[in-house]
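Each remark here refers to the structure printed beneath this line.
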Amino acid sequence: MGERWQAVDDYIAGKLLGADDALATTLANNAEQGLPPIDVSATQGKMLFLLAQMAGAKRILEVGTLGGYSTIWLARALPDGGSLVTLELEAHHAQVAQTNLETAGLVDKVDIRVGPAAEGLAAMTDEAPFDFVFIDADKQSNSHYVAEAIRLGRPGTTIIVDNVVREGGVIDAESDDERIVGTRALFDMLSDNPRLDATAIQTVGAKGWDGFVLARVR
Ligand code: SAH
Ligand code: DHB
Ligand code: MG
């Protein structure tokens with residue numbers, strides 16, 4: 001089915017997204033610079049853009065920049081005067097992302113911070129509240145990142161967590177893959193959490209079978 005999922009994503013993107021020089025250049029530059037091709041898909045990027053606009057987000061927080069592909073989609077959703085902070089462990093990834101954001105004309109809106117996200121988040125208290133948080137880094141830390149997103153949010157803040165289905169791996173309670181263990185810990189902390197309303201949606205497409213958590217801070 002994978003080929004057909006890809007073909008349908010291509011169809012949707014052809015109809016609804018159109019050509020996009022900055023994003024095409026970003027993906028080409030990422031490949032040239034040796035970054036792994038694990039950015040969100042084009043249709044998912046457009047969804048992030050729409051959700052951030054629907055939320056009226058003026059302050060966006062991203063955990064896991066890579067080459068800034070999702071960052072570009074999110075930053076484009078910001079109104080004049082809006083801003084986005086994105087946290088990235090790898091200096092090389094951050095450097096490539098900075099170049100890509102320059103290409104996209106978004107450097108004035110985006111602040112890339114290099115280092116472990118847990119440290120970046122801990123140091124961010126003065127910058128709260130954020131209106132919209134996209135979490136897409138090391139999956140073993142997802143429950144911590146969501147706890148931090150709640151702390152740095154406000155009632156109504158939107159939280160999205162990428163890659164929570166992993167070809168169905170999420171239901172493997174015996175898994176010793178730390179990403180699966182981390183994702184299950186995320187669902188445990190979301191379950192009956194008094195601070196959030198949450199769901200998770202499975203997806204198929206250019207990136208295979210996966211899914212995302214969508215949550216709103218109470
Ligand atoms: N959001 C990006 C993809 C992110 S890939 C997009 O869709 O375009 C995951 C990124 O998280 C990688 O660049 C990886 O280096 C980064 N990462 C991994 N562990 C991290 C950590 N502890 N703190 C911050 N970033 C981390
Ligand atoms: C991986 C990470 C991602 O954020 C993603 O969207 C796909 C794969 C990974 O670490 O393998
Ligand atoms: Mg991801």
Practice prompt. Only loop residues by DSSP count here, and only those with at most 16 other Cβ atoms within 10 Å; note down the GluC sites (Glu not before Pro) in segment 65-141 that meet that.
Written response: 90
Worksheet item: Using the alpha-carbon centroid of each, what span in Å lies between segment 190-218 and segment 31-53?
Response: 17
Practice prompt. Looking at the chain, send over the antiparallel percent of its DSSP beta bridges, to the nearest 5.
Written response: 45
Worksheet item: Is the shape of segment 31-148 rounded, prolate or oblate, going by the alpha carbon gyration tensor and its root eigenvalues a ≥ b ≥ c, with a/c under 1.5 for rounded and a/b larger than b/c for prolate?
Response: rounded
Item to complete: For segment 2-217, evaluate the Debye formula with one uniform point scatterer on each Cα (no solvent term) and list log10 I(q)/I(0) at q = 0.09, 0.11, 0.13 Å⁻¹, rounded to two decimals.
Response: -0.33, -0.50, -0.71
Discussion item. Please state the shape class of segment 175-218: rounded when a/c is under 1.5, otherwise prolate if a/b exceeds b/c and oblate if not, all from the C-alpha gyration tensor.
Written reply: oblate
Discussion item. If I take R0 = 35 Å and measure r between the Cβ atoms of residue 31 and residue 119 in this structure, what FRET efficiency does the formula 1/(1 + (r/R0)^6) give, to the nearest 0.05?
Written reply: 0.75
Worksheet item: How far is the Cα center of segment 65-128 from the Cα center of segment 1-19, in Å?
Response: 27
Worksheet item: How high is the FRET efficiency from residue 12 to residue 209, r the C-beta distance, R0 22 Å, rounded to 0.05?
Response: 0.85
Worksheet, complete the sentence: Exposure proxy check on 180, 38: fewest-to-most Cβ neighbours within 10 Å is 38, 180
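Readers should treat all values here as calculations from the given coordinates under stated rules, not as data from a laboratory. Because the structure is predicted, anything quoted here is derived from the model rather than measured. Here the Cβ is made from the backbone with ideal geometry for all residues, glycine too, and neighbour counts use every protein chain on show.
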